[in-house]
């Protein structure tokens, strides 16, 4: 999980644990594959006949996925000017994104507007100024866990779409390992920055309550958590700490809770293959119509 962080929860040591997770989970690869499969035809339709294109990334983190999205859009409309606005709560991850732009020639052609703040603060800022900049494509990747009011957030960003635009929400799939773990242990886990765990089920319920048209696509993913069951493994401890949103897994929960979580992770959140425990980290990509 993770990307945009209210109150900048991705700073310092948390950034390193987040990067460690990304390196070992294959999550970005799964997201990029899904994005490339879906967005080529979507972008052709969104940009048809337009003299300029505006993109908004909400919770863009270090910009790795944004770079892929913007590069794809440039490849489809090489002669059309593109602007990108970025809303990201972590100054450290935003610096990583800016460094990525600085070393990527194609991205340097795009004017970026940087909004180093939480989604809530961006919403307040836009409403206070009364300047509702509209966008052709808005993406919210792995960030809806951190917003205070899910339906209000979706409704606000949907209102910023231009004609024929799309809002893309990528979130953990309903009934994935994340969904099972965080809902089973919500009392223990939803005590920090994440106050209420949401999967694609909650997003879709919200979209339907708002009467918005959407398409849902799956982005399968799984990663090896075998080391989580080795008590002396530093690798396992770091993964468990990230997966439970805790500073240190073995210090944050009682022995009984830890044992219950590990049992759940093995039995209901994962499959075993060739001696490895593979955590179900399936994602859902939801495209909301303007």
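Please compute the alpha carbon radius of gyration of region 232-290, then divide it by the globular-protein estimate 2.2 N^0.38 Å. Two decimals is fine. Compactness ratio reported: 1.42. Cβ-to-Cβ counts within 10 Å put 22, 107, 210 in ascending order as 210, 22, 107, the fewest first.
Please work out whether region 80-164 counts as rounded, prolate or oblate from its C-alpha gyration tensor, where a ≥ b ≥ c are the square roots of the eigenvalues and a/c under 1.5 means rounded, while otherwise a/b larger than b/c means prolate and anything else oblate?
The shape class here is oblate.
Once both axes come from the Cα atoms, what is the angle between helix 91-102 and the longest principal axis of the chain, in degrees from 0 to 90, rounded to 10? Long axis of 91-102 versus the principal axis of the chain: about 50 degrees. Computed from Cα atoms alone, the Kirkwood hydrodynamic radius reported for the chain is 19.6 Å. The long axis of helix 119-129 is offset from the longest Cα principal axis of the chain by roughly 30 degrees.
Entry for region 157-231 at q = 0.17, 0.19, 0.24, 0.26 Å⁻¹: log10 I(q)/I(0) = -0.84, -0.97, -1.22, -1.28, Debye formula applied to identical alpha-carbon scatterers, no solvent contribution. Using every pair of separate Cα atoms, the Kirkwood estimate puts the hydrodynamic radius of region 24-145 at 15.0 angstrom. Taking 0.36 nm per residue of sequence separation and removing the Cα-Cα distance, the residue 134/residue 214 pair yields an extension gain of 26.9 nm.
Mean residue ellipticity, 222 nm, helices only, the chain: the sum of -39500 (n - 2.57) across DSSP H runs of n ≥ 4, divided by residue count and rounded to 500, is -13500 deg cm²/dmol.
Against the main long axis of the alpha-carbon atoms of the chain, helix 200-210 sits at an angle near 40°.
Of the DSSP beta bridges with both residues in the chain, give the percent that are antiparallel, rounding to the nearest 5.
50
The relative contact order of the chain, computed from alpha carbon pairs under 8 Å that lie at least 6 residues apart in sequence, is 22 percent. For a paramagnetic label modelled on residue 52 (point 7 Å from Cα along Cα→Cβ), amide N atoms under 13 Å away belong, within region 68-89, to 80-85.
Extension gain, residue 64-residue 201: 0.36 nm per intervening residue step, less the Cα-Cα distance, totals 46.7 nm. Here is the P(r) of region 123-263: all C-alpha pair distances, binned every 10 Å from 0, give 10, 34, 29, 18, 8, 1 in whole percents.
Shape verdict for region 205-267, please, from the Cα gyration tensor: rounded (a/c under 1.5), prolate (a/b greater than b/c) or oblate. In terms of gyration-tensor shape, prolate. For the listed peptides 175-186, 34-45, a ranking on the average number of other beta carbons within 10 Å per residue, highest first, reads 175-186, 34-45.
Rounded, prolate or oblate, given the Cα gyration tensor of region 124-192, with a/c below 1.5 counting as rounded?
oblate
Each reported figure results from applying straightforward, stated rules to the coordinates on display, with no laboratory input. Worth saying up front: this structure is predicted, and the values here are computed from it rather than measured. Note that each Cβ is placed from the backbone with ideal geometry, even for glycine, and that neighbours are counted across all protein chains shown.
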